[in-house]
């Protein structure tokens, strides 16, 4: 049962790379990280837990950042 959760996490993270939409990709990565975190808790592995907390937070943070506006270039007349 526990190994099934690890395999599910592997499938989610792998599937995330097939999405072209950056927001969808990051949401899938965050979901995969949460499942990996669950797996880490079940096997009592602090490195797995910490790594995937970081991945989930960064993926979600970068998903919901406001869009960046590029600085004006001399060619744009600004």
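What the table below lists for this structure:
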read-out	value
Matching helices (runs of 4 or more DSSP H) fully within the chain where at least 3 residues are more than 17 Å from the chain's Cα centre (by Cα)	2-16, 22-43
Any chance residue 15 is surrounded by fewer than 17 Cβ atoms within 10 Å (Cβ to Cβ), on the phi < 0 side of the Ramachandran plot and either out of contact with any helix residue (DSSP H, G or I) (no Cβ under 9 Å at 6 or more places or on another chain) or modelled with pLDDT under 90 (or both)	no
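The values are calculated or read from the model by the stated rules, or taken from the named source; none is laboratory data. These numbers were taken from a predicted model, which means no experiment stands behind them. All Cβ positions, even for glycine, are placed from backbone atoms using ideal geometry, and neighbour counts span all protein chains on display.
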